[in-house]
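K.L.:
Below you will find the structure I want to go over with you.
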Amino acid sequence: MNKLYINSFVEKKIASGVQLLEENDFKNLKITDQFVQLYSKSNKEIGTAYLSKQHKGIGWFLGSGIIVDSAYFNRLFSQAKEKRYSYFQSDSTTAFRLFNQEGDFFGGLTIDLYNEYALFTWYNTFVYSIKNQIIDAFKSVYPEVKGAYEKIRFKGQTFESAHLFGLEAPETFIVKENGVNYQVFLNDGLMTGIFLDQHDVRKTLVNGLAKDKTLLNMFSYTAAFSVAAAIGGAKETRSVDLAKRSRELSQAHFIANNLELDNHYFHVMDVFEYFKYAKRKQLYFDIIVIDPPSFARNKKQTFSVQKDYHRLISDALAILNPDGTIIASTNAANMTVSQFKTEIEKGFEGHSILEMTLKQLPKDFLTNKADERSNYLKVFTIKVKK
């Protein structure tokens, strides 16, 4: 195993609990896709890491005294399973995260459960190269899992999604979350029909926040927020997304819950155009959900959460009913909670915030408390005084 010497700044970060290794901290690094032993400039052994470039960082610190073998992964998966004991006991939720990167002490890998099927997501080439060792350990800890699929989140492969082992799942099937049915798919691109990290937010809509309310769901994808609101007693929902497939996928969730579509509408159009449309038609809403991608581009404009989120807030306030609620969400890991809050408040010029509460990742999405970027999801529920 190669030795890699680190400077005192990196040594302090690792000592504080940060696991992500960043390119700026390693000048002229020639090695990648391998385990390394980290040493301080004074030749003190720090611990084991692996190097492999991914969307964020160039590798991950794993710990001191680590031998990465089948027993190592077996231990990680067993500990992760024990921490999610309550989820396995639930009849109302059958889809949740089993393993969450650095929150479970191994960055570059996530594993989700959809009923009896696992979904592995590989974030870099090195983790992918040792996947057989990882899968063998997983099978020993989760003998009840019938089959598994994989998603590729790094460049270089000719496919994004594939069947991995065991039984093949139906092309689409139903999972439960907070007692609500959602139609999912495991082998169709990178998406599955639902973002599992939002299940605590959707739970608030199921449990009364949306009762007798009208809800507008922007960047709705498959309208999971809208379905949760409908189950929670919303009298009307409108879901807006630019993707043509969004209407079909959204309606499938409603049908899975035997919900009539009479008071639930689906608009395939640009969100900013819909704001203008709603204003012209004098459509107003009690709750507006805003959950955009971190960055998006269409023919007319680009959108960045860091620069443009305040525009969404300002446009939403123009069609929000008096004493309404805005649910403002982002998954931008490079934006802190305080930065996101500041961007939201920028859009509130001329309006007053009555109450502002924060939700972040649910308990199955374990995070590294030493690194705020690990807890990437930020959702503010904002009661507006108008």
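K.L.:
Consider K359 carefully, then state whether it is surrounded by fewer than 16 Cβ atoms within 10 Å (Cβ to Cβ), at pLDDT 95 or above and within 30 Å of Q79 (Cβ to Cβ).
P.N.:
no
K.L.:
If you take the residues in region 82-121 that are of a type in the set (K, R) and surrounded by fewer than 23 Cβ atoms within 10 Å (Cβ to Cβ), which one is nearest to Y72 (Cα to Cα)?
P.N.:
K83
K.L.:
With respect to K176, is the statement that it is in a strand (DSSP E or B), surrounded by 22 or more Cβ atoms within 10 Å (Cβ to Cβ) and among the charged types (D, E, K, R) true?
P.N.:
no
K.L.:
Sticking with this one: Take the residues in region 6-26 that are open to solvent by 60 Å² or more (accessible area, probe 1.4 Å) and under 25 Å from Y128 (Cα atoms), then tell me which one is farthest from the chain's Cα centre (by Cα).
P.N.:
Only one residue tops the list, namely N24.
K.L.:
Only one residue in A223, A210, A137 is outside the structural domain of G324 (by the TED database) and either at pLDDT below 95 or surrounded by 18 or more Cβ atoms within 10 Å (Cβ to Cβ) (or both), so which one is that?
P.N.:
Answer to the selection: A137.
K.L.:
Only one of these conditions is not met by I31: (1) under 29 Å from F365 (Cβ atoms); (2) among the β-branched types (V, I, T); (3) open to solvent by less than 70 Å² (accessible area, probe 1.4 Å). Which number is it?
P.N.:
(1)
K.L.:
When only residues in region 364-386 that are among the basic types (K, R) and in contact (Cβ under 8 Å) with a residue 60 or more places away in the chain count, which is least open to solvent (accessible area, probe 1.4 Å)?
P.N.:
Selected residue: R373.
K.L.:
What strands (runs of 3 or more DSSP E) completely inside region 246-344 contain at least 1 residues that are out of contact with any strand residue (DSSP E or B) (no Cβ under 8 Å at 6 or more places or on another chain) and open to solvent by 80 Å² or more (accessible area, probe 1.4 Å)?
P.N.:
Result: 320-330.
K.L.:
While we're looking at this one, here's another question. List pairs: first residue in region 342-361 and in the same structural domain as S314 (by the TED database), second residue part of a loop (DSSP other than H, G, I, E, B) and aliphatic (A, V, I, L, M) anywhere in the structure, Cβ distance under 6 angstrom, at least six positions apart or on different chains.
P.N.:
Q360/L377; L361/L377
K.L.:
Somewhere in region 81-98, is a residue outside the structural domain of S8 (by the TED database), in a helix (DSSP H, G or I), at pLDDT 95 or above and closer than 22 Å to R373 by Cβ?
P.N.:
Yes, there is a match, as at least one residue in region 81-98 is outside the structural domain of S8 (by the TED database), in a helix (DSSP H, G or I), at pLDDT 95 or above and closer than 22 Å to R373 by Cβ.
K.L.:
If you don't mind, another one. Out of S239, S294, S226, S220, I need the residue that is closer than 22 Å to D200 by Cα, among the small types (G, A, S) and in contact with an Asp or Glu (Cβ under 9 Å, 6 or more places away or on another chain). Which one?
P.N.:
After applying the criteria, what remains is S220.
K.L.:
Let me ask another. Tell me whether region 180-188 contains one or more residues that are within 23 Å of F275 (Cβ to Cβ), polar (S, T, N, Q) and modelled with pLDDT of 95 or more.
P.N.:
No; the residues of region 180-188 include none that is within 23 Å of F275 (Cβ to Cβ), polar (S, T, N, Q) and modelled with pLDDT of 95 or more.
K.L.:
Could you grab me the full set of residues in region 50-68 that are assigned to a loop (DSSP other than H, G, I, E, B) and open to solvent by less than 60 Å² (accessible area, probe 1.4 Å)?
P.N.:
S52, Q54, K56, G57, I58, I66, V68
K.L.:
Could we say that D286 is over 30 Å from K83 (Cβ atoms), of a type in the set (D, E, K, R) and modelled with pLDDT under 95 here?
P.N.:
No.
The values are calculated or read from the model by the stated rules, or taken from the named source; none is laboratory data. What you see is a predicted model, and the numbers here were worked out from it, not measured in a lab. Neighbour counts run over all protein chains shown; Cβ positions are idealised from the backbone, glycine included. The protein model used for the area step is the full one, side chains on, heavy atoms only, and it has no ligands, DNA or RNA in it. Shrake-Rupley method; radii C 1.70, N 1.55, O 1.52, S 1.80 Å.
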